[in-house]
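To start, the structure under review is shown below, and the notes come after it.
The values are calculated or read from the model by the stated rules, or taken from the named source; none is laboratory data. On a predicted model such as this, the values are computed, not experimentally measured, just so you know. Neighbour counts run over all protein chains shown; Cβ positions are idealised from the backbone, glycine included.
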């Protein structure tokens, strides 16, 4: 099969946490193009530098099959199999922002040819692939879907910082019309994932992606609520959870600050899609609101602890800025938001420290593990694994953790 399908030329649109692993995996087997509109991102990757700290220089620089990365839209015309992995954030009013998805379809439309295949992997609400993607491409190119070109959806499942569930080790859903040549699709996606689950229902596949993340957001929200209840009631939260966990079907989720690109966003995509169908979600956004409120709770807790000291003019450190441990991603990070608000209130008293963040002027990067002892208090918002060993050298009374 490999010899017969060598003519497939993939193009990955969007080289972030999702797109870059796909590009690096496919280029080992096929001529592959990686495309991103971020000029600086392309420059960094060409130099062998990944700002997300997921890949080393030799992994980025090593070339196969004349593959390359680019920010020049004209280069993508050399491809015939497009995989879209661009961000899908929310607007200020919490409605879906499909700007990058729409731009990707526009870019592809300039060079769409008969026989081309397009797969969307970005998280969207049900209907985007067909109602926006297919309709736009048919209108602008005059080509007919399922005859001249083909489109499908495969929800991404990359978990930044998770070495156990890497791209090749996870199951993947692929959805597309029965009229597409399955051999091409399965050939590409078998290079990426260990097991594929096919469906011809694209909207259902889109919905499945949204609820994967919402389920986790709901469970964390419940744990956050129990955490706050225990705190108000004077109960030992960890002991409550330890005892409850002895039951065989107790789900082991932890409380915490919920951030990143998916969990704080996807509930709003579902709520938006529900509103279009004149259905109002109840539980989904209730949990989202509670998780967002944890920012204010932790911020007030830090301020309260500082106010307990008679002399409050001491220096303190906020440890962990990213949205979760062991990643360099600041998107929707409540920890980073808390730090910025503390900086505004306490100015030169507060410093930020996160070994995963490089070249960010908003964080005091002069801080390192050697000078942590000079601070009176260390507030740990995100506990990176690297902290554990280093914190053993610091007085335990100085270190304040919340979860």
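Residues in the stretch 115-131 that are farther than 23 Å from residue 271 by Cβ and modelled with pLDDT of 95 or more: 116, 117, 118, 119.
Here's the yes/no breakdown for (1) farther than 23 Å from residue 109 by Cβ; (2) out of contact with any strand residue (DSSP E or B) (no Cβ under 6 Å at 6 or more places or on another chain); (3) at pLDDT below 95:
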residue: 3; (1), (2), (3): yes, yes, yes
residue: 6; (1), (2), (3): yes, yes, yes
residue: 20; (1), (2), (3): yes, yes, no
residue: 29; (1), (2), (3): yes, yes, yes
residue: 35; (1), (2), (3): no, no, no
residue: 39; (1), (2), (3): no, yes, no
residue: 45; (1), (2), (3): yes, no, no
residue: 50; (1), (2), (3): yes, yes, yes
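Whenever a residue of the stretch 122-143 is free of Cβ contacts under 8 Å to residues at least 24 places away in the same chain, its partners that are assigned to a loop (DSSP other than H, G, I, E, B), lying with C-beta atoms within less than 7 angstrom and at least six residues away or across chains, give the pairs 138/144. The residue that is surrounded by the most Cβ atoms within 10 Å (Cβ to Cβ), among those in the stretch 388-398 that are assigned to a helix (DSSP H, G or I) and touching a helix residue (DSSP H, G or I) at 6+ places or on another chain (Cβ under 9 Å), is 391.
Filtered by the rule that a residue be assigned to a helix (DSSP H, G or I), touching a residue at least 12 places away in the same chain (Cβ under 8 Å) and surrounded by fewer than 17 Cβ atoms within 10 Å (Cβ to Cβ), the stretch 227-254 gives 228, 240. Note on the stretch 132-161: residues that are at pLDDT below 95 and either not assigned by TED's automatic domain parsing to the domain that holds residue 183 or not in a loop (DSSP other than H, G, I, E, B) (or both) total 0.
Within the stretch 363-375, restricting attention to residues that are over 16 Å from residue 343 (Cα atoms) and surrounded by 14 or more Cβ atoms within 10 Å (Cβ to Cβ), which residue is modelled with the highest pLDDT? Ranking the qualifying residues of the stretch 363-375, first place goes to 372.
Going residue by residue through the stretch 323-337, is there one that turns out to be without any contact (Cβ under 8 Å) to a residue 12 or more places away in the chain and either over 24 Å from residue 391 (Cβ atoms) or assigned to a helix (DSSP H, G or I) (or both)? No: the stretch 323-337 contains no residue that is without any contact (Cβ under 8 Å) to a residue 12 or more places away in the chain and either over 24 Å from residue 391 (Cβ atoms) or assigned to a helix (DSSP H, G or I) (or both). Only one entry in 100, 17 is assigned to a helix (DSSP H, G or I), within 25 Å of residue 206 (Cα to Cα), touching a residue at least 12 places away in the same chain (Cβ under 8 Å) and not assigned by TED's automatic domain parsing to the domain that holds residue 323, namely 100. Residues of the stretch 161-187 being surrounded by 15 or more Cβ atoms within 10 Å (Cβ to Cβ) and either free of Cβ contacts under 8 Å to residues at least 40 places away in the same chain or touching a helix residue (DSSP H, G or I) at 6+ places or on another chain (Cβ under 7 Å) (or both), which ones? Correct list: 167, 170, 172, 173, 174, 175, 176, 186. Scanning the stretch 291-325 for residues that are loosely packed, with under 13 Cβ neighbours inside 10 Å and touching a strand residue (DSSP E or B) at 6+ places or on another chain (Cβ under 8 Å) yields one hit, 314.
Residues that are outside the structural domain of residue 356 (by TED's automatic domain parsing), in contact with a strand residue (DSSP E or B) (Cβ under 7 Å, 6 or more places away or on another chain), assigned to a helix (DSSP H, G or I) and within 21 Å of residue 24 (Cα to Cα): does the stretch 164-184 have at least one? There is at least one residue in the stretch 164-184 that is outside the structural domain of residue 356 (by TED's automatic domain parsing), in contact with a strand residue (DSSP E or B) (Cβ under 7 Å, 6 or more places away or on another chain), assigned to a helix (DSSP H, G or I) and within 21 Å of residue 24 (Cα to Cα).
Count of the stretch 39-71 residues, restricted to those that are in a loop (DSSP other than H, G, I, E, B), surrounded by 14 or more Cβ atoms within 10 Å (Cβ to Cβ) and without any contact (Cβ under 8 Å) to a residue 24 or more places away in the chain, is 2. With respect to (1) assigned by TED's automatic domain parsing to the domain that holds residue 374; (2) surrounded by 20 or more Cβ atoms within 10 Å (Cβ to Cβ); (3) at negative phi, the lone exception for residue 288 is condition (1).
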